[in-house]
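A quick write-up on the structure given underneath.
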Amino acid sequence: MSLWVDQYRPRLLDALHYHRDLSSRLKSLAACGDFPHMLFYGPSGAGKKTRITCTLRELFGPGVEKLKIDQRIFLSPSKRKLEVNIVQSNYHIEITPSEAGNYDRLVIQELLKEIAQTQQVDLNAKQRFKVVIINEADSLSRDAQAALRRTMEKYMSNMRIILCANSTSRLIAPIKSRCLLIRVAAPNRKEMQDVLEHVSRRAGFDLPTEAADKIIDDSNGNLRKAILCLEALKMQSPDLTGPLTIAKPDWETYCQKVADLIISEQSPARVMEVRQKFYELLSHCIPPTVILKTVADRVVERVDETIKADVMHWAAVYEVRMRIGSKKIYHLEAWVVKVMSLYKHFFYDMDLSGFD
Amino acid sequence: MSFFTKPQPQSAKPAQKHVVDPALQPWVEKYRPKTIDEVSAQDHTVAVLRKTLSSTNLPHMLFYGPPGTGKTSTILALARQLFGPDNFRNRVLELNASDERGISIVREKIKNFARQTPRAQTIASNGKEYPCPPYKIIILDEADSMTQDAQGALRRIMESYARITRFCLVCNYVTRIIEPLASRCSKFRFTPLDNLSSSARLVHIASEEHVDVNSAVVDTLIDVSSGDLRRAITYLQSAHRLSSSTDPPTPISPRDIQEIAGVVPDVVINSLLSTIGIESIDSASGTSRASFDSIRNQASAMMREGYSASQILSQVHDIVVLHPALNASQKSRCAIIFGEADKALCDGADEELWILEVSLRVHKVISS
Amino acid sequence: MGRKSQMLQVIDDHTLPGMSTEYSTSDGLWIDLYEPETEAELAVHVRKVSDVRQWLQEAFSGGPSGKLRRYRRILVLTGPAGTAKTTTIRVLSREMNFEIMEWRNASDDVPARSHVSRLNDSYAISSSSDPWPYDRDEDSESSFMKFQAFLARATRCNNIFSSVLDDSNDRRTSSSSTSSLNSTNPKRIILLEDLPNILHLQTRTSFHGAIEALLDSSTYVPDPVPIVMVISDSGTRGEAEDERIMNGGWSGGRFGKDRDGVMDVRTVLRKEILNGPFVTQIRFNPIAPTLLKKALSALLTRHFSTSTSGSGSTRSPVSSTYLDLIVDSANGDIRSAIMSLQFACTRLGVNSKKKGRKGNNDSKTDEQQVLVESITRREQSLVLFHLMGKVLYNKRKGDPPASSALARDIKREQELDKRLKDPPKLPEHLKEHDRKASRVDVDVLYSDSPIDSSLFSLYIHQNYTQFCDEMSHCEGVSEWLSWADSSGGEAWYQTNPHQFHLLSLGTLHSLPEPVTRRGQRVYKPEFFDALEKEKNAWEGVRDTREWIVKEGVRTIQSATTDVDGMRENAVIQDLGWNISGWTHRNIAMELGGVLKAREKARIMNASNTPSNATALSGFLAPRTHHLFSAMEFIYPSRSGAGPGASTLDETEDGREPQWGSDGAVTVEEQQEMGMWQDSQGLWGVDLEKKGADGNGKGWLEEDDIEDW
């Protein structure tokens, strides 16, 4: 049984619930024959991917949904084998080059060259070009981006590229200027509510408004998360009445408890204990940035207004270090230590002033 | 049927040379200057190059300057004028960073390319006479992204083929070209385009393409592209594409241009600024003390909208730096914050954290 | 006895300069000469030996029920080099009277391989047996075919090997004769120590294939020949691989599947096989100092009693202190210990006489120490502990000596203090950075460090909190760790070359002075365990992703009757439609709640309407999703035992030692070692050279080695 998110994912541009302007634009773009390279960007769970697949469907018809998954092997210059999963139909191909790590440039170059040199085999195809979807484009290395830049111009006649990214900040300017930028903002409360109600209707029940509110509060604009939440909630208490507790993933509650640990005691021994917890989180595949942000959010809730800004300041500082450095735990811990000192000093100073 | 069917060698169609339908051709290519005199706004450079055209003796050249100022266009136009359309293809080799550019490959390509000695054939098929000097031109685009080693190797190559080839290095940052290489070339600096020449060119293209643009749109185009003509033309084409694809075609609005360029709407930026405590210049409401939570909510709301942090940063920067009500000390402290944030974002930092960080710190500076 | 009498000569004449050098080249190595022949001589812990013996017994006879034989197919002995893994097997082969069939790579090419050179067989293979390293493919394949033939013959037919083995077996020890004892002996094992070049990908694949074919239950032949594999650890660093995982970059693109270069038990055997019923793993720990010392003294006694029988001098020139030094620096590697002992004996023979005349005991031990240090310097030796101690104890000029410190050490410290110059006074605004002159010379530390700065930083990180009193101390160290880690570039060659100095200086500067002694112990970084766990968890993510894809197909096929105006009625086989929406990261972060809820619902459903259970097939994600989705928060318990306790108790988080239960030292084992210590009484004398604390317990306790 598939997840609701997948089961009730819209397949057509017309079926999309929000950003209708965008949908109609995409529709007319797909119809006009002058289809550009595109860059979809926006926060996670805003519906970028859904919009891309809908657009494809619009371009090529239902045939594009006949997918197969290939595993392709590339040989790095040092003769290492790189396995990359490729999802493809007769009309398009989809890759996540970050799977190839540092060799993403190689994968991009090889694949695109290959596709550009092949003709559209389906004579009934609606379009003369094929589409290449590149996921997580903002994690492409500079090298790979540079390689992409040239190919985009060179093979315009029989290939279009659709990039999917969370933000445009990490894309080099030449790429941005060669693409039509499509911003997919997160849905607002009303839109989320509509979608949630739609999903519940399809699943065969009515969603009480309070439950919807609760889910929306919790999901912070991430629709995927909201629908997952809805499913979990329905699973937990089938009638959806009474006091509801959102079933958060374990790691979220775990992070909050870590924050409580930080607040409740500040000592070297506690640093050690918090470290254990961080190791535990990291080994459950939770990205360190997310850990830092989640814990920081909780800490900020619990500390005095005057040191909130400092807490976030250090979170920002150590987050960058984390990106550059290789051992994430150091930076997480350094932040914790910083926060503990801040907190301790805050009380110490307060005691002093109270004493005066 | 496999997705990856290789083209049959003996298929009826001649090997496709990626000929682009002129209607779909990027305007940047379509309206590339054909002669160096057509090049916008680089009068000084053009004047010097015109001389070399008459003497047909060309030095090695190094073109540098910000993107979209006509460097590649100039060298292509120059080559075209030197060799004419017939010889252009076999006399000019263009290599750039996206092509495989390990130095061994470059060497191999250059060797092969330089092997055949050029024959002088001055009368072209179109009846015009071209100087067609007895050397070939190798254009190395984006030369500043070559490694030091590769540049060092290039130096030797340049020497050994100096008799029959001229190199033209094109780059954004002349400081990234190693000194021995730079000293072998005559350097030409390309300056950012002034608004007048940009707008003239844009209006020209628009009228050629029968696009209806008013002056507000042109101003926005120039504004968002900050002297980069290529970007401006690309935005214009994208906007045209979007507006003509709807039925009936809608006119292009400045907001469309902003959205295409990924620019954050002024309203959004202004509301962020007023939360921080900087009042936008036109509105003069009383300042309110912002709380941590209000700033944080503002930042996360902006992130939810999907705006790019670096774009927000640069727009906030533009406003703060020119803001009349802030004093120099405040501005410089803000500038430091912006600098740090920019570095962090380049390093791939989390966008939400840093927008919040910038907001909080600017707020602190303003309210102190 | 000819050889021995020659040696006797040398020992007798050790006063003559020049002879000693001749000696070292002229004769066999002690490790060959004195290879243990009985279990009593083995320095291995008795429990390990009995584990191995029991396994072998079960493999031969099938245990009490007689059925175990089927599952006792492969025994994997792992552990650091020089922990007597192979020797244990050989000793047991004598004792239990079975035959060893041993595979040697290209033994005809390299006929004379001494026992010593096989220290790191796995690495030697490609270089020694392969004359054309660039043409390795064919070569390793053909040698692999030989291996396969060997396996096939060894497991099926009997008795062919006796002669072959004799040829290949060129060791001079007497125990080798047992391996071809009598051809009627039905008990035999296959010993795989020298494996084919499994770092070569193809060879590895076929190797795995061959092993799996052996274990395939459908082709089970009665009376299988048990296989014993001996795999030495290739050091604990393994950083290349870890760094590669870390290099995932912005998005965690860490799904490259190859892990080459580092060979460990998981390269040799696939995970499923390793955890399967047919494979037993026994891990040998580094040899405990007490056992090691006992073995060494026994060896010395034996050596000198035989060799000096004619000359009258039966005392070995090696003092107990000296033996301790060797034991110390061997770090549980008996082979290296014996090697250094042999070498030391020749040198020392000369020196001790001379020193004896001078009668200057202090300088003698000093010199001995220098000597030992010069001959026993070994990667990852105990110097690591000293290194950490020096940094973490942050001793500065004028610090009072530890109460248990020996007079000798106190004196040395005082001398050092005299040489130290006081740093210039800092101006007022920098007063907080004023420190006394440090007794630690960071340059010396750097040159002596057995570990690179990356691992060094991990050790600092793991241990610094115990040595801090205040948050401000922690703040300094953690800030330096963070700064140094992020000060380089992304690629390895861009790392900051001054990391080591920055870290040690930064740590010294930040720690309190003097550090409060509270019985701190140095622990091994948990970093690698966490990485390992993370790697497994990503497997879970991948499994879950596959499940999502599969369910996508199934749902679409079953949902065509769904009323949805937008969808065509045709059955769309859209395998992978869902995959595009799910990045690994999203799965790891967002899916936990639903999966948990589904599992709960399933349990409830199953109890209410059992018939419904089958209808829900595919309702649950593969169980491996727990690896990333399930986390239970346990409040840290501090039972008043100080910070160290929580580290020891860490198994409470379900954090198991990487090697399974065999990796951890059981309580009895530790006690038993303690008993050794008691009964021998005098051993612990000089062990607390450095950093002994108030309780009289050195921060480096001999049992700690086993804790590693």
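Descriptive notes on the structure:
- In a simple Cβ point-charge model (Lys, Arg +1; Asp, Glu -1; nothing else charged), chain A has a dipole of about 1820 debye relative to its Cα centre.
- Average other protein chain Cβ within 10 Å of Cβ, residues A:59-68: 4
- B:E179 accessible area, 1.4 Å probe, all protein chains in place, Å² to nearest 10: 120
- Among B:S332, B:L345, B:I355 the positive-end extreme of the charge dipole of the range B:266-367 (Cβ point charges): B:S332
- Drop in accessible area of at least 40 Å² in the complex versus isolated chain, residues of the range B:338-362, 1.4 Å probe: B:D347, B:G348, B:D350, B:E351, B:L353, B:W354, B:E357
- Calculated FRET value between B:E94 and C:D32, using beta carbons and R₀ = 60 Å, to 0.05: 0.30
- Only the Cβ atoms of Lys and Arg (+1) and of Asp and Glu (-1) were treated as charged; on that basis the dipole of the range C:380-526 about its Cα centre amounts to roughly 780 debye.
- Residue-by-residue Karplus 3J(HN,Hα) for the range A:247-264, coefficients 6.51, -1.76, 1.60, Hz, glycine and proline x: 7, 7, x, 3, 5, 5, 5, 4, 4, 5, 5, 4, 4, 4, 4, 5, 6, 7
- Projecting label points 7 angstrom from Cα along Cα→Cβ for B:S271 and B:L196 puts them 4.1 nm apart.
- Per-residue average of Cβ from other chains inside 10 Å of A:168-175: 6
- Taking every residue in A:216-223 and counting other chain Cβ atoms within 10 Å of its Cβ, the average works out to 2.
- Long-range amide H partners of B:I138 with built H, under 5 Å: B:L93, B:R166, B:F167, B:C168
- Probe 1.4 Å, accessible area per residue of the range B:218-337, Å²: 43
- Computed label-point distance, nm, for sites B:D37 and C:H498 using a 7 Å Cα→Cβ extension: 6.0
- Between C:L191 and C:M101, C:E102, C:W103, C:V228, the built amide H atoms are under 5 Å apart, and every one of these is 5 or more places off in sequence or on another chain.
- Net +/- balance of residues flanking A:M192 in space, Cβ distance below 13 Å, scoring K and R +1, D and E -1: 0
- Per-residue packing, averaged as other Cβ atoms within 10 Å, sorts the ranges C:524-531, A:145-152, B:155-162, A:70-77 into the order A:145-152, C:524-531, B:155-162, A:70-77, beginning with the highest.
- Across A:K214, B:K331, A:K308, the residue with the most accessible area heads the list, and the full order at a 1.4 Å probe is A:K214, B:K331, A:K308.
- Approximate spin-label separation C:L620-C:R47, in nm, with each point projected 7 Å along Cα-to-Cβ: 3.6
- Note that the range B:254-261 has calculated 3J(HN,Hα) couplings of x, 5, 4, 4, 4, 5, 5, 7 Hz, one per residue in order, obtained from phi through the Karplus relation 6.51 cos²θ - 1.76 cosθ + 1.60 (θ = phi - 60°); glycine and proline are x.
- FRET efficiency, 1/(1 + (r/R0)^6) with R0 41 Å, evaluated for B:D212 and B:R50 via beta carbons: 0.70
- Cα-based helix-to-principal-axis angle, A:223-236 vs chain A, degrees rounded to 10: 70
- Accessible surface comparison of C:H429, A:H313, probe 1.4 Å, protein chains only, largest first: the order is C:H429, A:H313.
- Take the accessible area of A alone and of B alone, subtract that of the pair with a 1.4 Å probe, and the total buried over both chains is about 5700 Å².
- Calculated FRET value between C:Y635 and A:T306, using beta carbons and R₀ = 22 Å, to 0.05: 0.15
- ³J(HN,Hα) computed for each position of the range A:189-206 - Karplus, 6.51 cos²θ - 1.76 cosθ + 1.60, integer Hz, glycine/proline x: 4, 4, 5, 5, 4, 4, 4, 4, 5, 4, 4, 5, 4, 4, 7, x, 8, 9
- Amide proton proximity set for A:I182, modelled H, under 5 Å, gap of 5+: A:L39, A:F40, A:Y41
The values are calculated or read from the model by the stated rules, or taken from the named source; none is laboratory data. In this text the structure is predicted, and so the values were computed from the model without any measurement. Positions of Cβ are backbone-derived with ideal geometry, glycine not excepted, and every protein chain shown enters the neighbour counts. With ligands, DNA and RNA removed, areas are computed over all heavy atoms of the protein, side chains included. Shrake-Rupley method; radii C 1.70, N 1.55, O 1.52, S 1.80 Å.
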